[in-house]
Each structure stands twice: as C-alpha cells, then as structure tokens.
Amino acid sequence: MDWIKRNLYFLVGSFVALVLMGLAGWYLYSKGQENAETLGKLEEQYDKLKRLNEQRPHPGSDKVDNIKAAKEQQAELQACLQKARAHFQPCPRIPATESTNVTSQEFSSALSRTIDGLQRAATKANVTLPGRESGSSAAYSFSFAAQRHRLAYAAGSPDLLAVQLGEVKAICEVLFQANINSLESLRRERISEDDYKGPQTDYLPEHSETNELAVLTPYEVVFHCFSSELAGVLAGFASSPYSLQVKTINVEPAPAVVAPATPAAPVMYTMPAVVPTPAASPTPAAPPPSMAAEAPPSMSFEERYGRAGRSLGPAPAPAPMQPRYVPPMPVAAAPVSRGPTPALDERQLKVTLMLEVVKLLAPK
C-alpha cells in the first residue's frame, strides 16, 4: 500500500495509457477493415476504367465526350419512337362508345350491323363468301358465329370482342378493296368463354403476345385471287394506318374448278349411196335357117320373125338389179375459232396470310 501511495500518479497514468492504447488498437482495426473495403472498391473502379478504355467506341476524353453523345442519341431515339406512334393507330372499336364498358346490348346491335355491312361490301366488290355457292352466304359471320345470335355474353367479354370486331372489319376492308375472288376463311384467337361454344374453324390456337412496346394479336385469312389482287392486298396492309403486319404468307395453286363438259364437235356422215348395177339385156336369138328359108319372100319381118322375136318363144325375164353399197365418208365439222391464243394463262391462287395487329402500349 505504501508503494501505491508513493506511486499513485504513476499507476493512474499507466492505467490511462493502457486504456488509450486499447482504444487506439480497436480504432486501427476498424479503420483497417474500412481501408480494405475502400481498396476493393478502388480496384473495381480501376478495372472498370481499364475495360472502358479498351472498348470500341471509346467512352471519350476531354476532347470527345462519347457519353454525352450517347445520351443525345437516346433522346433522338425516343423522339423517333414518338413519331412512329402515328403510324400504329389502334383499330376503332365497334361500337365506339365513350366509356370503356361496353354492354351486351350495345355489342349485339353493333355486331349485327357490322356483319350486314361486310356482306353488302363483299357483294359490291363481287367477292364470294363461304356458303354463297349454296345460296346461304348470309350465314357467314366473319368468325363471330358464337356471338351473332346471342343477346348476353360472358362477363367482361364485350369490351374485348368490340376490339376484335373493329380489327376484323379493318382486315376485311383491305381484302374487299383489293377485289379478291373469294374469301375461304377468317380466324381469330379465343378471348371469351362463348368462343369455346362456336365452330372450331373460326379460331386460332395462338394467343396474343406482349413485349416491351406493344401487344401482338394474331389473325389468319385464306382467300382465292390472282397475282394482281394479291399485290393489292399486300399494298393495302402496308399502307393501312392500323398497323396490320403480314407475318407469313403461303401461296399455292387453287383447286381446279370442274367445268361443265363441252360437247365434242359433231361428225357428219353422208347418206349411203346405192349405185345400181346394170343388168345385161338378152340378145334375141337368130331364127333357124330352115324357117328363114321356108318363109315366102312376100312376108314382112314381123310376120316372119314375130315382134321382138316373140314368135321364137318367151323371152327370159331380166335379171334384178343388185345395189352396190358405198361406205359413208366422214365430214369434219368446221373448227370453232376461239380468238388469239393468250401468251400467259394465269391460274387462280390460294393465299394463306398470318397477320398480327400491333397495338402499342402506353408510353412510360
């Protein structure tokens, strides 16, 4: 105790120094960890800088700022996208109501009017619809057979069906304006529970796809036409303001239509000619010399020999005439003139088009 009393200040100073040394060691340890983390980040940034310096194009220097140029080009790209939106207008819905909620009654009435209008447009353009050959073309519903005669639809489906009806009308208008010969089928995707009750020939197995910019809705049309009408169809889709994109096209010769049999050219025959064969006439026999000698000279020729030699006995009957058959000679009918021979006899084509209706998403 006497030593502690004599060295109290030394003992207190030593204790304080020991505490300070402990705190300094802890501080150095913690800062060492931070230093290691900072060094790791610095090396990462250095590697990134080295990688950027080795890239082509170079990010830039004090004279050329490629980063700024990249930002300017990105702004130009955004402006180009906004300008391109004018060419991707959505097809008008049918019915085009102010509210987005379309009722079943509104859609049923609009569907009847639209189908009737499309059938009249097809008649005006001389386009044959499915069933017209049998006199029942009015039954064709342009893929809406499941909804045509209904007054109530599945919940939430009238809004989606209104969009599809507008797209189908836009597609048919392009086909009718190109004056195709006949429409064989038009198919769309199923979007309603009612679609599963309709004919299977009205629907596609594919469904709409959504990417970062738009929704792609598939359609398929099969029609018959010639090459000039096909060119008009493709030009119509290319110039349409409703972004109707042709995805695939398949062209093949249309099935041959059986034409009524043309009667063969008649072959004329001449009537059988019968040429009679002349029979040899009998030569009158000469009178016996004794009779000519015994006849007095004053007798006439008829008294002496008789008329036509009948005094010598009955004359033999003439032989019957035997007809000779001459075979008829065929006479070919005059050839029918069909005008000049065409240099190119084009056949009708069967065209299958897969379309996509591009509907842009709202810009972010």
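Of note:
- Residue 167 being crowded, with 19+ Cβ neighbours inside 10 Å and charged (D, E, K, R): yes
- Any hit, the stretch 142-149, residues being of a type in the set (Ser, Thr, Tyr), free of Cβ contacts under 8 Å to residues at least 60 places away in the same chain, surrounded by 18 or more Cβ atoms within 10 Å (Cβ to Cβ) and within 17 Å of residue 94 (Cα to Cα): no
- Every pair of residues 6+ apart whose Cβ atoms lie under 6 Å, when the first sits in the stretch 347-364 and is under 9 Å from residue 226 (Cα atoms) while the second is part of a loop (DSSP other than H, G, I, E, B): 348/254; 349/254; 350/254
- When the stretch 70-111 is limited to residues that are under 33 Å from the mean Cα position of the chain (by Cα) and of a type in the set (D, E, K, R), the one that is farthest from residue 245 (Cα to Cα) turns out to be 106.
- Matching residues in the stretch 169-200 - criterion: being farther than 30 Å from residue 346 by Cα and among the β-branched types (Val, Ile, Thr): 191
- Subset tally (residues that are outside any loop (DSSP other than H, G, I, E, B) and touching a Ser or Thr at 6+ places or on another chain (Cβ under 7 Å)) for the stretch 194-217: 6
- Among the candidates 175, 183, residue that is more than 26 Å from residue 100 (Cα to Cα), touching a Leu at 6+ places or on another chain (Cβ under 7 Å) and not in a helix (DSSP H, G or I): 183
Conditions tested, residue by residue: (1) of a type in the set (D, E, K, R); (2) surrounded by 20 or more Cβ atoms within 10 Å (Cβ to Cβ); (3) assigned to a helix (DSSP H, G or I); (4) at pLDDT below 90.
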position: 101; (1), (2), (3), (4): no, no, no, yes
position: 111; (1), (2), (3), (4): no, yes, yes, no
position: 121; (1), (2), (3), (4): no, no, yes, no
position: 134; (1), (2), (3), (4): no, no, no, yes
position: 138; (1), (2), (3), (4): no, no, yes, yes
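- Exactly one residue among 222, 215 is among the hydrophobic types (A, V, I, L, M, F, W, C), within 28 Å of residue 82 (Cα to Cα), at pLDDT 90 or above and in contact with a strand residue (DSSP E or B) (Cβ under 8 Å, 6 or more places away or on another chain), and that residue is 215.
- Taken over the stretch 174-196, the criterion of being more than 19 Å from residue 145 (Cα to Cα) and in contact with a Gly (Cβ under 9 Å, 6 or more places away or on another chain) is satisfied by 174, 175, 177, 178, 179, 180.
- Scan of the stretch 214-243 for residues that are exposed (fewer than 14 other Cβ atoms within 10 Å of the Cβ), among the aliphatic types (A, V, I, L, M) and either touching a Phe, Trp or Tyr at 6+ places or on another chain (Cβ under 9 Å) or over 19 Å from residue 168 (Cα atoms) (or both), ordered by number: 231
- Any hit, the stretch 111-126, residues being among the charged types (D, E, K, R) and farther than 25 Å from residue 172 by Cα: no
- Residues that are outside any helix (DSSP H, G or I) and charged (D, E, K, R), drawn from the stretch 223-242: none
The values are calculated or read from the model by the stated rules, or taken from the named source; none is laboratory data. This one's a predicted model, so the numbers in the text were calculated from it and none came from an experiment. No Cβ is skipped: glycine too gets one built from the backbone with ideal geometry, and neighbour counts run over all protein chains shown.
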